[in-house]
Amino acid sequence: MKSGAPRVVGGSYAVRDSFAARSSFAARSSFAALLSVLVLLMSPIVARAQVDPRGSLRTITTPHFRVHFRAADSTLARRAGSLAEQAYTNLSRELVTPKGRIDLALADNTDASNGFAQVFPNNRVVVYAVPPIAIQELRFQSDWLELVITHELAHIFHIDRARGLWGVGRSVFGRNPLFFPNQLLPSWIKEGLAVYYESKFTGSGRNVSTEAPLVLRAASLDGALIPISRWSTATTRFPLGQTAYAYGAQLMLRAADAANSSDTNVRYGMRRFVERTATYPIPFLLNARSKEGFGTSFTTLFDRLRDSLSAASATLDRNGDRAWTTISSDGWYADAPRWRGADTLLWTARNGREPPGLYEAIVGDADQNTGTHRVARRNTIDVNVPIGGDSVLFAQVDYTDPYTIRSDLYTGHGSGEKRLTFGDRLTQPDVRADGEIVAVQLGAASARLVRASRSSAKVTITPITSVNLWAEPTWSPDGRFIAASELLPGGDQRITVVDTLGRVASVVAGGRAVFASPSFTPDGKRLVWTSDRSGRTQLETAPIDLATLSSSAPDTLDWRTERAEVRVASNVTTGVFQPRVSPDGKRIAALLYRADGFHVAVAALDTSGPVARGSWYSGERAGNDSTPKAITAPVKGYSLAVQLLPRYWLPSIGTGRDGSSTYGFSSSASDIMERHNWFATALVNPRSNEVDAGASYRYRGFGIPVLDLSARQEWDATFRATDTSNTTLGFIARRRRFATVATKFARPRVRLSMNGTLGAQYDWR
């Protein structure tokens, strides 16, 4: 994964704790403490602004979902509900359906494309409404909203399932997080299964795209294939959380294929596996469960995968790799190399040892690396465009309030920086010679091109739309045109040239593949971009005559008769990304993918390669028998009460004031927007009939401050009463009652955050 946007592990699912589950009273019992630990372990690593609890919300109820949204997103919510019902129908043919309605919320408070699923306290899915234009592995999709909903809903179908002793526990204790056996499986199985279904039911996604094969092919070529024991979303080794997705998706696909080859009903392999892992008391015997579900073990499947990768790697021609000279040595994540003069390269990177930053290197005549050095810190990796001298214009994200993360434009000089926009959601900028800026403006289900002056006044180029999405704009040398990547409905992508008003002047290349990162040669006579139409992301190039371009050009392109002058300009064994031609037009800088990450590299620009033709993709949408049905349900107020019902209870054992055991229970709930959280617990001492109890409530609807209320009673001490001669008269038990009110304040920023708590407590003894 490489992106200038802040990332959360793509498609993650989680069971998250509420404020109440962390209350001090809960920790007094061993079972409650165990619950707190489990809930924390099942929490995702997420941005602090994960959901915004403020403002007015609406709900649409469908047969299987409650869709929650803000009024401005009504149209998007209806489409989400329709796609969710279709995904539910498809998954129900494969896996056992979960009970009850599923809560589905649309969030647009962070400029990142992602989603997550929860099974505790009830089944719920949150989808961020930003399209994944900056995430390479998610660029190949027919409908980004359908893709993320299908992926997250597959998690719900999978993780919710419990049978046998687990099912008995669920029937007794409710949706207690202790009784979700499939949650205990490794992350690569959970993510691999979700990716399997995202691709099966959409005809796109990560099991169909070139990204996962790229990750494994690069590892095989460098002798760095990762063993199954390290396929975790929490690993600190590249490719970090993507390890579970790429490796897990490929292995689960092979597992399903192995079952399908010997089963007349192709759905039963995955279903058998899910049912077995949801039944057995010990969920960690994966090879045994794999044999029962798929007919072969995961170990055997991985051995076959490793052998096939080795055999394929041995046949690859590496001469194309030798044409490139590596400039950077860190690996990990890099983004957007740009030339600052004839022999200096700039790029942003995150190397795992320090925060993201801007890096620079001098490239000599022989393309020898003279060493890289860090120029400045960045919040995230995105485009940094030289604008004269040592100055750059760039985009990065930061908090605009405690619940909102936005991408904005800045200028920088050395380590100093100045913010140009605030909350305007601008990313991937490019600058014209006169200082005029073109960038992508993100929005709910949209990514449009905009122009911006240095005073941040914007002129729209493409209209706001949830249909065509735009990415990676770049100016022509004469400043009259803009080349950009365009993502069309249905999955086609193309390299498009528009004029300064957004009118199509030329459609240069396209097809059912990822077409990305177009840029002009300095003389304006040629375009260079990347495409994975061959199965590997390579450079492509075509001549272009700016003098003859017209804004009345047809807005169509027949992929079968694409112009013969489109030629392949690289032949690397892994993949090459984000090219940029040098000022003299002779060299090209780009990112090369290796097992340890992305490396900035330079090669001579070769325009004499073979003609680019056809596409590796020949698949069809599988499993979808009908188009999504329109959702006509009425819009109502935010459906809250049903979300706050107690869904589970947890037996608790503690120690009373006299040393005897106490017995009781606890429960909690929260709504999907985390506006309301409550927790309650009670413990009874059978010997004395004394009750220790507590309840807490958190309200986040104000945003900041957060309001916390709690009350509790505890019997905590025994005192001996005596007379003047120290004769024992009896014993007195102390009962304490507490009422607490507190407000929490926070001012989070990427680099510096402040928070505090102000409260009062009253104690009755």
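The values are calculated or read from the model by the stated rules, or taken from the named source; none is laboratory data. No experiment lies behind these values; they were computed from the predicted model shown. With ideal geometry, Cβ positions are generated from the backbone for all residues, glycine too; neighbour counts draw on all protein chains shown. Keep in mind that these areas ignore ligands, DNA and RNA; they rest on the heavy atoms of the full protein, side chains included. Shrake-Rupley method; radii C 1.70, N 1.55, O 1.52, S 1.80 Å.
Expressed as a whole percentage, what fraction of the accessible surface of the range 167-288 belongs to carbon and sulfur atoms when a 1.4 Å probe is rolled over the protein heavy atoms?
58 percent
Let me confirm the definition first: pairs of Lys residues in the chain, 8 or more apart or on different chains, C-alpha distance under 30 Å. How many are there?
19
What is the Rg over Rh value, at two decimals, for the chain, using alpha-carbon atoms and the Kirkwood definition of Rh?
Here the Rg-to-Rh quotient is 1.02.
Give the range of the longest stretch in the chain that excludes all chymotrypsin sites (Phe, Trp or Tyr not before Pro) found in loop regions by DSSP and having at most 12 other beta-carbon atoms within 10 Å.
The segment 1-283 is the longest one with no such site.
For the chain, report the accessible area per residue in Å² (1.4 Å probe, heavy atoms, rounded to an integer).
Dividing the accessible area of the chain by its residue count gives 38 Å².
Please calculate the 1.4 Å probe accessible area of L240, with all protein chains present, and give it to the nearest 10 Å².
Rounded to the nearest 10, that gives 30 Å².
May I ask you to give the percent of accessible area on the range 299-377 that is carbon plus sulfur, with a probe radius of 1.4 Å?
47 percent
Please give the per residue volume of the convex hull enclosing the alpha carbon atoms of the range 687-765, rounded to a whole number of Å³.
148 Å³
How much of the accessible area of the range 634-700, probe 1.4 Å, is carbon plus sulfur, in whole percent?
Result for the range 634-700: 61 percent of the exposed heavy-atom area is carbon or sulfur.
Per-residue ellipticity at 222 nm for the chain, helices alone: DSSP H runs ≥ 4 residues times -39500 (n - 2.57), over residue total, nearest 500 deg cm²/dmol?
The helix contribution divided over the chain gives -6000 deg cm²/dmol.
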